[in-house]
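Engineer: This is the structure I want to talk about, given as structure tokens.
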Amino acid sequence: MTAAAHFVEQGTSLGFDKRWRESKGGRELRKVRNIRPGFRHGLWFGLANAALETVTMGKLPWTLANHADDTALKRLNEYVSPDRGWGDRELPPRDRLAFVFFAATTHHENQPVHLHVADTSLCATRCVTEFGNPCSNFCPANVYEMIADGNGGKRLQINSSNCVHCKACDIKEPYAGQITWVTPEGGSGPNYQSL
């Protein structure tokens, strides 16, 4: 029997989840647990709910149901771009890689990749036709890039040294569990002190 199993059996372990909920951070997040789910019912309901939750400091007796972020993605054949009535305009070019500089990211170029993709062939086959490779769009640091594979197709290239640890890929990717974000070697990553 492992030591952890022994402590659980003896009833002396609170478990991580329970300890987190009783910690200062857990109590602070409990106050805002209903803010985001309130907006599922529209803007005005969400604003009213947010005001009520703020005034009562999250002490209301209910917790609204939420959804996983990846379930909000629509397949390309289901998506219809809304007509917002926007006219054509010139925007200055934005280079995501230039903005990675401001995060002061310090990953060693030769460290092991901390972003694990279970099946990279899925990105070049199913994901491109069903969702249009959303990871290449929602990643703010251009970590996921579809490049030519030399055989007329495309393959996924992971630029993990650009990662700013937003974890959007772990949360938003459409095939649950396909991308796993792990802590990089040596505690590398962004240093947001200069922002």
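The numbers here are math on the coordinates, done by the rules we state, and not lab data. Everything numeric in this text was worked out from a predicted model, so none of it was measured. When we count neighbours, we look across all protein chains shown, and the Cβ atoms used for this are built from the backbone with ideal geometry, even at glycine.
Engineer: What order do you get for F16, F45 when you list them from fewest to most C-beta neighbours inside 10 Å?
Structural biologist: By the 10 Å Cβ count, ascending, the order reads F16, F45.
Engineer: Return the subset of K74/K167; K74/K172; K59/K172 for which the Cα-Cα distance in this structure is over 22 Å, preserving the input order.
Structural biologist: Correct reply: K59/K172.
Engineer: Rounded to the nearest 0.05, what FRET efficiency is calculated for T71 and Q111 with R0 set to 35 Å and r the Cβ-Cβ distance?
Structural biologist: With R0 = 35 Å, the Cβ-Cβ based efficiency is 0.60.
Engineer: From a point 7 Å beyond the Cα of F102 in the direction of its Cβ, which residues of the range 155-174 have a backbone N at a distance under 17 Å?
Structural biologist: 163-166
Engineer: Follow-up. Taking the chain as a Gaussian network, Cα atoms linked when under 10 Å apart, which of L122, L64, L76 shows the biggest mean-square fluctuation?
Structural biologist: L64
Engineer: Give me, ordered by chain and number, the residues 5 or more places off G189 or on other chains with an amide H under 5 Å from its own placed amide H.
Structural biologist: T106, H107
Engineer: Would you list which aspartates and glutamates come within 16 Å of K154, measuring only between C-alpha atoms, while excluding same-chain residues fewer than 8 positions from it?
Structural biologist: Output for K154: D119, E130, E145.
Engineer: When N is the residue count of the range 31-91, what does its C-alpha Rg come to as a fraction of 2.2 N^0.38 Å? Kindly include the intermediate steps, with their values, before the conclusion.
Structural biologist: Values: Rg = 16.5 Å, N = 61, 2.2 N^0.38 = 10.5 Å.
So the range 31-91 has a normalised radius of gyration of 1.57.
Engineer: Report the extension gain between R21 and E78 in nm, rounded to one decimal, defined as 0.36 nm multiplied by the number of residues separating them, less their alpha carbon distance.
Structural biologist: 16.6 nm
Engineer: Based solely on its DSSP helices, what 222 nm [θ] is calculated for the chain when runs of n ≥ 4 H residues each add -39,500 (n - 2.57) and the sum is averaged over all residues, nearest 500 deg cm²/dmol?
Structural biologist: Helix contribution divided over all residues of the chain: -6500 deg cm²/dmol.
Engineer: Just the Cα atoms of the range 96-194: what Rg and Dmax do they give in Å?
Structural biologist: For the range 96-194, the Cα radius of gyration and maximum Cα-Cα distance read 13.6, 44 Å.
Engineer: Here's something else I'd like to know. For the chain, modelled as a Gaussian network with Cα springs under 10 Å, which listed residue fluctuates most, R126, R36, R21?
Structural biologist: R21
Engineer: Among M146, M57, which comes first, then next, by fewest other beta-carbon atoms within 10 Å?
Structural biologist: M57, M146
Engineer: Pick from Y79, Y175, Y144: which residue has the top mean-square fluctuation in a GNM of the chain where Cα pairs under 10 Å get a spring?
Structural biologist: Checking each option, the largest mean-square fluctuation is seen for Y79.
Engineer: Pop a pseudo-label 7 angstrom from the Cα along the beta-carbon direction at both W86 and K167 and give the gap in nm to one decimal.
Structural biologist: 2.9 nm
Engineer: Going by Cα centres, the range 83-154 and the range 40-68 are how many Å apart?
Structural biologist: The range 83-154 and the range 40-68 have Cα centres separated by 34 Å.
Engineer: What number, in nm² with one decimal, is the all-direction average of the projected area of the convex hull of the alpha-carbon atoms of the chain?
Structural biologist: Values: hull surface 72.2 nm².
Approximately 18.1 nm², given one-decimal rounding.
Engineer: Also, quick follow-up: Which order results if K154, K18 are arranged by neighbouring Cβ count within 10 Å, fewest first?
Structural biologist: On the way: K154 16, K18 11.
Listed from fewest to most nearby Cβ atoms, that is K18, K154.
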